[in-house]
Amino acid sequence: MIIMPNKTEHRSRMPLGWKKIRFRMKSGLQRLRLRNMPLRYQLMLLFLLFAIVPSVGLGLLVNWTVERIVERQVEGHTMQLIGKVNEALDSKMENLQNMTYLIAFDPDIRAFMEGKTEFDGHTGAAVSSGVSNQSTDQDQLYGIKQFLQGFTTLYPEIAGIVLVNGNGDYISNEMYPKTNQSLVQEQWYQGASRNAGIFTVLGQPRQRNITTHVRYKDSEIVSVARSITDETSGRVLGVIMIDLKLRTVSQAARDVTLGKSGYVMVTDAEGRSVYMPDNPLVEQIPSAWFPSGDSGIFNAETDGKELLFMYQSSSFTGWRTVGVFPARESIAEVRQIQFYVVSFVFVVCLFGLSASLRFSSSIAQPIFRLMSYMRRAETGNLRSGRWSDRADEIGMLGRSFNRMLAQIRQLMSLNELRERQKRDAEMRSLQEHIKPHFLYNTLDTIHWMAQRKGVDDVSEMVGALSRLFRIGLSKGNDFIPLQSEVEHISSYLQIQQTRYRNRLQCELVIPEELKELFVLKLVLQPIVENAIYHGIKGRRGPGKIRIEAKVQGHKLVLTVQDDGAGMSSERLHEMVQLLATPLESMETQEAGQGGKSYGMLNVQARLRLSFGEEYGISLNSREGEGTCVTITQPLMKELPQALQFDTEGRRDSQ
């Protein structure tokens, strides 16, 4: 017989398993919290956090800062090199410009440009109807050629010089037209004529109708030109064109290297190459790549390579000197610094991990030992623990723990002694209770004997004194009903009125509904005594004391007002300061430094200790008009069962 498993039982088991798994996962996550970890692991994590993380952050910051600084230095150095190349090229072109000025100032060349001397436009020979004129023109032609030959001799970088006037005639030692077409129609002539009198850099020649005896290629020379104008009319008389060998440009840029494979090239304003080294990274730079401005930096990708371009334009020639090099080469030095930074961070992490293990163990082990001693003390074994001679906080904590255990043992012994003394005091107190009863009974006997003999004033005095003692003792209670306090002060006033007779008048305003409230015992008698001895006694004629009770909010307010001598402002200020710290003021007076108003300070201290700082006595007095003393305490409709101490050491009635 095959017994099939109960499906409902299987389903009931599944949630229980999942609950266990979830409980274990939750417990594991709680243990992973920092506050739930052992102290050793907390110290390790915190040490690593405050030691390694800043080191890593510092390494990243240094890496980023160095990279920026190196890039700026590379850019600044490259721009300086490019500027030097530009200055060299501008210097060459300024020399050519000065050369054109010197050529234009020659009188024979000026006469040729103005058309006063006629030459064959194709052969350069003088043509004239007279023999003498022809000879003179031939001499002028020879002189001009010798004059131009001097420039090419002094400046070997010049490939050729040609002079062309407005008639199409030309003079040159090295250059001549390819065809019979007039040179005035050439683009270079027209371009120079448009910039009348201005030195113009034409760049490398392209498809021009003029060549040299050496047969320079167009890519091997650079042409410049300047038109000569009539000073009066401004008309263009002719053009001076000079071909400069490209090696002059290459000498300024060829020796400049940028990184391992970078170089410097020169382009014209349209981006066409004027000078480019062999095997360049880019054949031509489109003008659209260049940002606006005379100088700048930009990146571009060509043939799958990311290149960095730095350029600076010349305001004199209009050429751009461009530095070209792979972008990766600019951070080669940065990578070396990165390697040192990473090595430093790795060493710091390794050292930090070892130091954290050592540091956490040195702190956690004494704390674990202290925990074991505390668990032992919880069981009641107060034997002191063994500690090393460590002078740090851990050693101080251990020695303080041993002193605490010693004090606990001492306090336990002292407590046992005090308990025995307390029991002895209670026995003596029971025996001493017989004495107050004997006093009450004696006063009652005197009271009835005075009544039998008809001495009523003595009888009333003794009765008032008996009631005064009986209520004052109150079986040791600290709180009594307001009715009892009123009877007590009435007995006291009866005795004082017997003494002062008509000089003392009293008025009690106590509502019936307030007489069942409980008050602190003996709060009125010291106040009334001060009113009699310092107020009524100090004035002329009879005085009056008014005692009133009323409720304000949750407070019971008792006022004692007299129309006696009052207090001066200095005395009132002194009393307010004394009442602010009643206990200290009482200690001062007990030490023999004055004993005025001791009873009022006693009442203030008992009120503060019983109910808190917001309750107590407040004074209001004017000299010659009287004094009003206000006593505030909380409403108590029931006798407090116990007195507790609050966090500041004050007793709080419950």
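The values are calculated or read from the model by the stated rules, or taken from the named source; none is laboratory data. On a predicted model such as this, the values are computed, not experimentally measured, just so you know. Glycine gets a Cβ as well: all are built from the backbone with ideal geometry, and neighbour counts include every protein chain shown. Side chains are part of the model used for accessible areas, which takes the heavy atoms of the whole protein and leaves out ligands, DNA and RNA. Shrake-Rupley method; radii C 1.70, N 1.55, O 1.52, S 1.80 Å.
A count restricted to segment 517-541 and to residues that are touching a residue at least 24 places away in the same chain (Cβ under 8 Å), farther than 17 Å from residue 575 by Cα and open to solvent by 20 Å² or more (accessible area, probe 1.4 Å) stands at 8.
Okay, residues lined up against (1) open to solvent by less than 20 Å² (accessible area, probe 1.4 Å); (2) assigned to a loop (DSSP other than H, G, I, E, B):
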| site | (1), (2) |
| --- | --- |
| 232 | no, yes |
| 241 | yes, no |
| 266 | yes, no |
| 271 | yes, yes |
| 274 | yes, no |
| 300 | yes, no |
| 307 | yes, no |
| 312 | no, no |
| 322 | yes, no |
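In segment 620-641, the residues that are within 17 Å of residue 477 (Cβ to Cβ) and in a strand (DSSP E or B) reach residues that are of a type in the set (Val, Ile, Thr) and open to solvent by less than 60 Å² (accessible area, probe 1.4 Å) with C-beta atoms within less than 9 angstrom, at least six apart or across chains, in these pairs: 633/519; 633/523; 633/557.
Assess whether residue 218 counts as being in contact with a Pro (Cβ under 6 Å, 6 or more places away or on another chain) and open to solvent by 30 Å² or more (accessible area, probe 1.4 Å). Here the answer is yes, as residue 218 does meet what is asked. The residues listed here are 287, 372; of these, the one that is open to solvent by less than 70 Å² (accessible area, probe 1.4 Å) and closer than 30 Å to residue 92 by Cα is 287. For segment 186-195, the condition of being open to solvent by 30 Å² or more (accessible area, probe 1.4 Å) and more than 19 Å from residue 104 (Cα to Cα) holds for at least one residue.
Residue 340 falls short of the stated requirement of being open to solvent by less than 20 Å² (accessible area, probe 1.4 Å) and of a type outside the set (S, T, N, Q).
Listed here are the residues, each with its yes/no results for (1) modelled with pLDDT of 80 or more; (2) β-branched (Val, Ile, Thr); (3) in contact with a Phe, Trp or Tyr (Cβ under 8 Å, 6 or more places away or on another chain).
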| residue | (1), (2), (3) |
| --- | --- |
| 288 | no, no, no |
| 300 | yes, no, yes |
| 322 | yes, yes, yes |
| 327 | no, no, no |
| 331 | no, yes, no |
| 339 | no, no, no |
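Does residue 611 qualify as being modelled with pLDDT of 75 or more and aromatic (Phe, Trp, Tyr)? Yes, satisfied.
When segment 202-215 is filtered for residues that are open to solvent by 30 Å² or more (accessible area, probe 1.4 Å) and in contact with a Phe, Trp or Tyr (Cβ under 7 Å, 6 or more places away or on another chain), only 202 remains.
Here is a yes/no grid of residues against (1) open to solvent by 50 Å² or more (accessible area, probe 1.4 Å); (2) in contact with a Ser or Thr (Cβ under 6 Å, 6 or more places away or on another chain); (3) at pLDDT 70 or above:
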| residue | (1), (2), (3) |
| --- | --- |
| 480 | no, yes, yes |
| 486 | no, no, yes |
| 507 | yes, no, yes |
| 515 | no, no, yes |
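Residues in segment 136-151 that are charged (D, E, K, R) and either loosely packed, with under 14 Cβ neighbours inside 10 Å or under 14 Å from residue 103 (Cα atoms) (or both) were compared, and the one that is modelled with the highest pLDDT is 145.
Per-residue answers, yes or no, for (1) in contact with a Ser or Thr (Cβ under 6 Å, 6 or more places away or on another chain); (2) at pLDDT below 80; (3) farther than 30 Å from residue 275 by Cβ; (4) open to solvent by 50 Å² or more (accessible area, probe 1.4 Å):
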residue	(1), (2), (3), (4)
30	no, yes, yes, yes
42	no, yes, yes, no
53	no, yes, yes, yes
69	no, yes, yes, yes
95	no, no, no, yes
104	no, no, no, no
107	no, no, yes, yes
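The set of residues in segment 545-560 that are in contact with a helix residue (DSSP H, G or I) (Cβ under 8 Å, 6 or more places away or on another chain) and open to solvent by 50 Å² or more (accessible area, probe 1.4 Å) comprises 550, 551. The set of residues in segment 195-224 that are in contact with a Lys or Arg (Cβ under 8 Å, 6 or more places away or on another chain), assigned to a loop (DSSP other than H, G, I, E, B) and touching a residue at least 40 places away in the same chain (Cβ under 8 Å) comprises 204, 210, 216. The set of residues from segment 217-254 being aliphatic (A, V, I, L, M) and out of contact with any strand residue (DSSP E or B) (no Cβ under 8 Å at 6 or more places or on another chain) comprises just one member, 252. The single residue among 233, 227 that is over 21 Å from residue 91 (Cα atoms) and of a type in the set (Gly, Ala, Ser) turns out to be 233.
If I filter segment 578-588 for residues that are in a loop (DSSP other than H, G, I, E, B) and either surrounded by fewer than 17 Cβ atoms within 10 Å (Cβ to Cβ) or at pLDDT 85 or above (or both), do I get at least one hit? Scanning segment 578-588, I find at least one residue that is in a loop (DSSP other than H, G, I, E, B) and either surrounded by fewer than 17 Cβ atoms within 10 Å (Cβ to Cβ) or at pLDDT 85 or above (or both), so the answer is yes. Filtering segment 244-264 to residues that are modelled with pLDDT of 80 or more and crowded, with 23+ Cβ neighbours inside 10 Å leaves only 264.
Within the option set 279, 299, being on the phi > 0 side of the Ramachandran plot and among the polar types (S, T, N, Q) holds for one residue only, 279.
In the set 566, 553, 543, only one residue is on the phi > 0 side of the Ramachandran plot and touching a strand residue (DSSP E or B) at 6+ places or on another chain (Cβ under 8 Å); that residue is 566.
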